[in-house]
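Structure, as structure tokens:
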Amino acid sequence: MIEQINRLIAINLQLFCISDNGQLSLKDFKNNEGKELSGARMLAEIMQQKELIKHSATASFTYSITEFGRSICLHGGWEKHLEKLNKLNSAIEEQTTPMLNQQQKVNPMTIVALVIAILITILLCGL
């Protein structure tokens with residue numbers, strides 16, 4: 001389902017990019033086969049949430065591409081953008097996993113020393 005939505009985003013974002021004024025009406029949204037998209041309003045809402053398009057100030061049922069949407073088009077399109085995000089997330093995970101593993105390795109003697117220190121503090125404060 002998500003793959004299908006991403007494919008529709010890619011198709012329609014490209015349509016925004018190649019349109020004369022960077023605008024499309026809902027009837028201009030296309031499906032995978034190039035036919036009018038029956039769920040155009042829902043797709044438009046998803047694309048708005050992702051800040052790819054916005055309502056047109058001049059016409060109802062019409063949307064304009066945002067600078068972010070245009071930038072994605074110019075740098076390879078929506079699917080390329082998703083690939084870059086996945087690579088970035090993988091790189092972040094690769095960098096943080098070793099750090100988390102190192103933090104989990106605590107010397108047992110350190111724990112014992114902390115427990116003893118806490119007990120001594122409690123006993124001294126209680127006297």
Let's see if you can work this out: charge +1 on each Lys and Arg Cβ, -1 on each Asp and Glu Cβ, no other charges. What is the dipole magnitude of the chain about its Cα centre, in debye to the nearest 20? 60 debye
If I model a spin label at ILE46 and LEU114 as a point 7 Å from the Cα along the Cα→Cβ vector, what separation in nanometres do I get? 4.6 nm
Segment PHE61-SER38, extension gain: residue separation times 0.36 nm, minus the distance between their alpha carbons: 6.9 nm
How far, in nm, would the chain grow between ILE92 and HIS75 when pulled straight, counting 0.36 nm per residue and subtracting the alpha carbon separation? 3.9 nm
In whole percent, how big is the carbon plus sulfur part of the accessible area of the chain, probe 1.4 Å, protein atoms only? 59 percent
In sequence order, calculated HN-Hα J values of region 89-96 (Karplus, 6.51, -1.76, 1.60; Hz; x Gly/Pro): 4, 5, 5, 5, 5, 4, 6, 7
Averaged per residue, what accessible area in Å² does region 1-119 show with a 1.4 Å probe, protein chains only? 72 Å²
Residue by residue through region 67-82, which ³J(HN,Hα) values in whole Hz follow from phi under the Karplus form 6.51 cos²θ - 1.76 cosθ + 1.60 (θ = phi - 60°), with glycine and proline marked x? 4, 4, x, 5, 4, 4, 4, 5, 10, x, x, 5, 5, 5, 4, 5
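The values are calculated or read from the model by the stated rules, or taken from the named source; none is laboratory data. Here the structure is a predicted model, which means the values were calculated and not measured. Neighbour counts run over all protein chains shown; Cβ positions are idealised from the backbone, glycine included. Quick note on the areas: whole protein, heavy atoms, side chains included, nothing else; ligands and nucleic acids left out. Shrake-Rupley method; radii C 1.70, N 1.55, O 1.52, S 1.80 Å.
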